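Read through the structure below, which is laid out as structure tokens, and then see the notes.
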Amino acid sequence: MRSFSYARPETALAAIQAFASAGSGARYIAGGTTLYDLMKLDIEHPQHLIDVTAIRGLDRIETSGDRLRFEALAPMSAIAANQTVLRDYPVLAEALSKAASQQLRNMATVGGNLLQRTRCLYFRNGAGGVSVGNTYPCNKREPGSGCAAIGGVDRGQAVLGQSASCTAVSPGDWPVALVAMNAYVEVLGTSGTKTLPVADLYRMPGDTPHLEFTLQPGEMITAIVVPKTPAGRRSTYHKIRDRESYAFALASAAVALEMDGDRVTRAHIALGGVATKPWRATAAEAALAGQQLTPNTALAAGHAAFADARPGRHNAFKIKLGARTVADALTIAAARSDT
């Protein structure tokens, strides 16, 4: 058991100041559904925990005006059950309701959910881990040690966005839906407040896969903002997994459509379960622009989304599965009324 100090500030500014005073060994904690796991697996070793759950007013859900605004401490389950979100933005509600278990959704916060780390089995059971026989190299855990997934058991690994140092898949559902909807986050740090597109929150692995997010040390996500769009009602989050609950995606697609009759005027498409970060499928969006949505054009868009995919030894099935997932999501979204 590693010792650590604990603080529970009552304002966001006090939390930022506590982090700055604590130094590089500090970590923020909210629901704890990710960090506690990583501590038990000997991956995270915080010296100071800064509990942000006492910060008042940081759990509000606002749906009026020209945007949706979810403050960072709002529980996943609360947004998934919000009637405006359910009616007007099913892609967001479905991404949350298909994640984890109900108990975890009640505990986990939407801000913390954006900062999950991968479920790559080599990362979670790599060298230095707590389980017997964990000797697998992992560049996320120990930079420069290598990547056992490359040439290893890679069924769950990414087929998009990999590098020679890492093929670990990005684990989230919620970030995929937010990327499709052009959402951004509000971030507080020692230099003040800034906004950042959710898509820009995540780094490609390159040769530094241990650097996963673009936040600076001590910066804290305080809110998630989703611009309102008429495409919201014609939207869905379609997730394919090994079992129906409490499982990460083998492939998923977040889709929102603007249509004129049966013709697509604009498509929003993002992929999960197949890439090293939440993946905006711009080629698929371009393939659909101005097209009548048919089974053939939907599948063609799905194939376009995976045109640059590079499979490993055991995950080539994700390319065909992913293309079908996109096509099915487009069909589901198009069938929904925009009024």
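The values are calculated or read from the model by the stated rules, or taken from the named source; none is laboratory data. A quick note: this is a predicted structure, and the numbers were derived from the prediction, not measured. With ideal geometry, Cβ positions are generated from the backbone for all residues, glycine too; neighbour counts draw on all protein chains shown.
So, in the stretch 106-135, of the ones that are in contact with a strand residue (DSSP E or B) (Cβ under 9 Å, 6 or more places away or on another chain) and crowded, with 23+ Cβ neighbours inside 10 Å, which residue ends up modelled with the lowest pLDDT?
Among residues in the stretch 106-135 that are in contact with a strand residue (DSSP E or B) (Cβ under 9 Å, 6 or more places away or on another chain) and crowded, with 23+ Cβ neighbours inside 10 Å, the one modelled with the lowest pLDDT is 126.
For the stretch 67-111, give me the residue count where each residue is aliphatic (A, V, I, L, M), touching a helix residue (DSSP H, G or I) at 6+ places or on another chain (Cβ under 6 Å) and not in a helix (DSSP H, G or I).
3
Scan the stretch 214-227 and tell me whether some residue there is farther than 30 Å from residue 11 by Cβ and surrounded by 16 or more Cβ atoms within 10 Å (Cβ to Cβ).
Looking through the stretch 214-227, none of the residues is farther than 30 Å from residue 11 by Cβ and surrounded by 16 or more Cβ atoms within 10 Å (Cβ to Cβ).
Residue-by-condition table, conditions (1) hydrophobic (A, V, I, L, M, F, W, C); (2) farther than 13 Å from residue 116 by Cα:
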| residue | (1), (2) |
| --- | --- |
| 29 | yes, no |
| 33 | no, no |
| 41 | yes, yes |
| 51 | no, yes |
| 56 | no, yes |
| 65 | no, yes |
| 69 | no, yes |
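Consider the stretch 178-206. How many of its residues are part of a helix (DSSP H, G or I) and at positive phi?
Number satisfying all stated conditions: 0.
Please go through the stretch 49-62 and give me each residue that is free of Cβ contacts under 8 Å to residues at least 60 places away in the same chain and surrounded by 18 or more Cβ atoms within 10 Å (Cβ to Cβ), ordered by number.
Listed by number, the residues that qualify are 49, 50, 55, 59.
Pick from the stretch 246-282 the residues that are charged (D, E, K, R) and part of a loop (DSSP other than H, G, I, E, B): which of them is nearest to residue 119 (Cα to Cα)?
277
One line per residue, one yes/no per condition, for (1) under 27 Å from residue 29 (Cα atoms); (2) without any contact (Cβ under 8 Å) to a residue 24 or more places away in the chain; (3) in contact with a strand residue (DSSP E or B) (Cβ under 7 Å, 6 or more places away or on another chain); (4) of a type in the set (A, V, I, L, M):
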position: 165; (1), (2), (3), (4): no, no, yes, no
position: 168; (1), (2), (3), (4): yes, no, no, yes
position: 175; (1), (2), (3), (4): yes, no, no, no
position: 194; (1), (2), (3), (4): yes, yes, yes, no
position: 234; (1), (2), (3), (4): no, no, yes, no
position: 237; (1), (2), (3), (4): no, no, yes, no
position: 240; (1), (2), (3), (4): no, no, yes, yes
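If I filter the stretch 1-53 down to residues being closer than 19 Å to residue 210 by Cβ and outside any loop (DSSP other than H, G, I, E, B), which single residue comes out as farthest from the chain's Cα centre (by Cα)?
Once the filter is applied, the top-ranked residue is 26.
In this structure, does residue 275 turn out to be at pLDDT 95 or above and under 27 Å from residue 300 (Cα atoms)?
Here the answer is yes, as residue 275 does meet what is asked.
Those residues that are of a type in the set (S, T, N, Q) and under 18 Å from residue 177 (Cβ atoms), I need them from the stretch 302-330; list them, please.
Scanning the stretch 302-330 gives a single hit, 325.
Going by what's in this entry, would residue 197 be described as buried (at least 24 other Cβ atoms within 10 Å of the Cβ) and modelled with pLDDT of 95 or more?
Considered against the rule, which asks whether it is buried (at least 24 other Cβ atoms within 10 Å of the Cβ) and modelled with pLDDT of 95 or more, residue 197 comes out as no.
For the stretch 24-50, which residues satisfy the criterion of being over 15 Å from residue 108 (Cβ atoms) and among the charged types (D, E, K, R)?
27, 40, 42, 44, listed by residue number.
Out of the residues in the stretch 283-339 meeting the condition of being assigned to a helix (DSSP H, G or I) and among the basic types (Lys, Arg), tell me which one is surrounded by the fewest Cβ atoms within 10 Å (Cβ to Cβ).
Filtering first and then ranking leaves 320.
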